[in-house]
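Read-outs: derived from the displayed coordinates by stated rules, not from any lab. Note that the structure is predicted; figures quoted are calculated from it, not measured. Cβ sites come from the backbone with ideal geometry, for glycine too, and all protein chains shown count toward neighbours.
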Amino acid sequence: PAVPTTVCFIIRQYLVHPGSAVVPSPNPPSGPWCPDGWVGYRGKCYYFSKAKENWNNSQSNCSALGASLAVIDSEQEMTFLLRYKGKLDHWLGLWRKQDQDQPWKWANGTEFNNQFEVRGGGACAYLNDVGVSSSSCETEKNWICAKPDQYGKRKENSVEGMDKQ
């Protein structure tokens, strides 16, 4: 009897080792992880703008691309962004209320844990040549958008799907 095509498709998704059970392939699916014009690094895709905008418009531009202004999660990520951005200052997704005594927050809602110093007395943070500084949110600068890469998104979605079962 003929094997239904859906069964063939399912079987092709796994590697079969002689004498063992069918196991999922350890290799992620091939293909680009990030859209054209974006740069991939450690599970995230980054977009470095050519244009300049104020902080709010920069965040809106990122949202329109399915991303948000970049959140820095590690020293390695900071080093990567500093190297890749070039000479220009770029907005990050870090802000606080106008009062300098207010805590910093990431635009994606996560709390800033002071893993690096933010220089200056402004309410919005940007990446310069040596680290993170702040200025008025109305200043126009380039910006960096970030979002999970496609493989990371697939992994997140499959884990979420498993939790619901």
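For the peptides 54-62, 103-111, 131-139, residues were scored by their other Cβ atoms within 10 Å and the scores averaged per peptide; the highest-first order is 54-62, 131-139, 103-111.
Note on Asn108/Tyr151: beta-carbon distance plugged into 1/(1 + (r/R0)^6) with R0 of 22 Å gives a FRET efficiency of 0.65.
Just list whichever of Lys50/Lys105; Lys44/Lys85; Lys44/Lys97; Lys52/Lys87 have alpha carbons separated by over 22 Å in the model shown. From Lys50/Lys105; Lys44/Lys85; Lys44/Lys97; Lys52/Lys87, over 22 Å: Lys50/Lys105; Lys44/Lys97. With each label modelled as a point 7 angstrom along the Cα→C-beta vector, the Asp129-Gln76 pair spans 2.8 nm. Do any chymotrypsin sites (Phe, Trp or Tyr not before Pro) in region 114-155 lie in a loop, going by DSSP, with at most 14 other beta-carbon atoms within 10 Å of their beta carbon, and if so which? Qualifying residues, ordered by number: Phe116. Here the simple spin-label model places points 7 Å from the Cα toward Cβ, and for Arg42 and Leu65 these points are separated by 2.0 nm. All C-alpha to C-alpha distances of region 61-150, sorted into 5 Å bins beginning at zero, yield P(r) values of 3, 14, 27, 28, 19, 7, 1, 0 percent in whole numbers.
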